[in-house]
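Data block below; observations after.
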Amino acid sequence: MLLWLLLLLLPPLFLLILLFLLLLLPPLAMLGQRSQEADLSWLASLQHCVAWRVLSWAATWQQQRLEHNTLHVGQSQQQALMWCLQRAQSPLCPPTESTDMSIFRNHLPLTKVSQAPEEENGRQLLPPTSNQYHGEASLQATLLGLVALNKAYPEVLAPGGTARVTPTSPWPSPLPWPGHILDQVSPPGTKDPGALLLEALRSPGLKALEAGTAVELLDVFLALEADGEELAEAIAAGTSGVPLPGRAAELREALEQGPRGLALRLWPKLQVVVTLDAGGQAEAVAALGALWCQGLAFFSPAYAASGGAVGLNLWPEQPQGLYVLPPGPPFIELLPVEEGAQEEAPSTLLLAEAQRDKEYELVLTDHIRLARCRLGDVVQVVGAYNQCPIVRFVYRLGQALSVRGEVTGENVFSEALGQAVGQWPGAKLLDHICVESSILDSSEGSAPHYEVFVELRGLRNLSEENRDKLDHCLQEASPRYKSLRFRGSVGPARVHLVGKGAFRALRTTLAACPSSSFPPEMPRVLRHRHLAQFLQRRVVS
């Protein structure tokens, strides 16, 4: 809504002149773009051109603000802190003109966010937030992300070039008019995943696919394989438009050739996949890149945590998401991970104090309760944008395994599992989840151990030799785990292969929880028995 308000504040005469000039501009198809879909009307092209020009103007203004704020990061963070204090409703720290960090930290000790997305008691997992809290950062991430995407892939945002295949959007901020005009293919207002996928399948000229997260896109392709014949019949019969028997035949033929490269067989002009980066997405991205979306680039416009954009991605061409941490709001602090393991209250750093190659846990301040919250998300500083750090997401502290105090982190376990799966002939990892043996009461008569549930492609049964490879890889990755295994204090990890769709069903169950957050974070460690048993009932090997 901020963009809309800015337009309203422009002098009426200037606004009329701007819109008049925009209307005189030729459609995007005449501005060096390739010819668009034959059935796209001249009016739709003109409308798209006007929408894009207005959004580009707004993005230029946001880029200027970003340059100013990141060049004067100390002043910008002071302003963000004051913004939080002035809107605070906490009796512990009433609104004040002082922004002294020592006073701020003394009044507000750090609190931890629950890292169990499957929490079953219904309490809110993350600090309360509002659209206003994250509105500015989310709008900035969306506008700058659109411009960066258009620069890297010039044809993607042309009329009819993009389709969203999930009810949720990868863009952190929903744009009012004229933003919705860019979604030419997706039916406006549609929340039915099947209808969104069907409309995308009817459009062979797509150049970009959008999905809320990579995990959600993985579910879309799994559903496409499961319901392919039904979708082909709907396309042939014209369920959502003109009957397209030829397109239905193309869908059937593409599916018959298997998952590898399916996206490019369905949409030969496809260039990029747009999803929102959040916790637990790396395996889905790897699976999509190795199978269905092979040969395509992935772009995340922002890194999202606590319901809003925390980092901005200005480099769509980078294979791994890199994000600028803007000076706020929200107010961001960095907690060195070495100190974060201590029980004493550690000292946080401001953005300008971040050091290259160091790892930090993100700390956000919520203006509603003025809560300084440790998110558990760990990032590594890889560079600088003016005076602000550029980071990459590394892992989540709350997704660690520990049956004897060894603390096997999410990144360490995922790396070991990836190495093990690489030694399983023909296997591709789609997803995994771990459970400590005490949750399932499976340690009776044996040492505590890890229970690991995996969903694979290309392998229907796991031999004992293959199962043992994971434990060997874990020992190589973690000296502490190896020492405990050698002494017999920890038993070997037990690997279970679950049936097709098991993790998709689990995600549906997690999304239905009252405490479910957006973007949905895929857990790697389950803490509740009924959810672990949910997967246990779907074990096939």
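Values for this structure:
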quantity	calculated
Phe486 vs. criteria more than 24 Å from Pro523 (Cα to Cα) and not small (Gly, Ala, Ser)	yes
Condition met for Arg485 (over 25 Å from Gly212 (Cα atoms), open to solvent by 40 Å² or more (accessible area, probe 1.4 Å) and not in a helix (DSSP H, G or I))	no
Inter-residue pairs, beta-carbon under 6 Å, first under 15 Å from Ala532 (Cα atoms) and in segment 488-502, second polar (S, T, N, Q) and assigned to a loop (DSSP other than H, G, I, E, B), 6+ apart	Leu497/Ser541
Any hit, segment 236-243, residues being open to solvent by 30 Å² or more (accessible area, probe 1.4 Å), more than 23 Å from Asp431 (Cβ to Cβ) and part of a helix (DSSP H, G or I)	yes
Qualifying residue in segment 514-535 (condition: closer than 23 Å to Val412 by Cα, at pLDDT 95 or above and open to solvent by 40 Å² or more (accessible area, probe 1.4 Å))	no
Some residue of segment 420-436 being in contact with a Leu (Cβ under 7 Å, 6 or more places away or on another chain), at pLDDT 95 or above and part of a helix (DSSP H, G or I)	yes
Subset of segment 488-513 that is more than 30 Å from the chain's Cα centre (by Cα) and surrounded by fewer than 18 Cβ atoms within 10 Å (Cβ to Cβ) - its residue that is nearest to Ser442 (Cα to Cα)	Pro492
Test: Val452 is closer than 22 Å to Glu406 by Cα, in a loop (DSSP other than H, G, I, E, B), touching a His at 6+ places or on another chain (Cβ under 9 Å) and aliphatic (A, V, I, L, M)	no
Top-ranked residue in segment 451-460 [being of a type outside the set (A, V, I, L, M, F, W, C) and at pLDDT 95 or above; ranked as farthest from the chain's Cα centre (by Cα)]	Glu451
The listed residue being open to solvent by 10 Å² or more (accessible area, probe 1.4 Å), modelled with pLDDT of 95 or more and polar (S, T, N, Q), out of Ser478, Ser463	Ser478
Boolean, Gly289 is small (Gly, Ala, Ser), touching a strand residue (DSSP E or B) at 6+ places or on another chain (Cβ under 9 Å) and not in a helix (DSSP H, G or I)	no
Test: residue in segment 245-266 that is touching a residue at least 24 places away in the same chain (Cβ under 8 Å), part of a loop (DSSP other than H, G, I, E, B), open to solvent by 40 Å² or more (accessible area, probe 1.4 Å) and in contact with a strand residue (DSSP E or B) (Cβ under 8 Å, 6 or more places away or on another chain)	no
Any hit, segment 87-101, residues being at pLDDT below 80 and outside any loop (DSSP other than H, G, I, E, B)	yes
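The values are calculated or read from the model by the stated rules, or taken from the named source; none is laboratory data. Everything numeric in this text was worked out from a predicted model, so none of it was measured. When we count neighbours, we look across all protein chains shown, and the Cβ atoms used for this are built from the backbone with ideal geometry, even at glycine. To get the accessible areas, we keep the full protein, side chains included, count just its heavy atoms, and leave off ligands, DNA and RNA. Shrake-Rupley method; radii C 1.70, N 1.55, O 1.52, S 1.80 Å.
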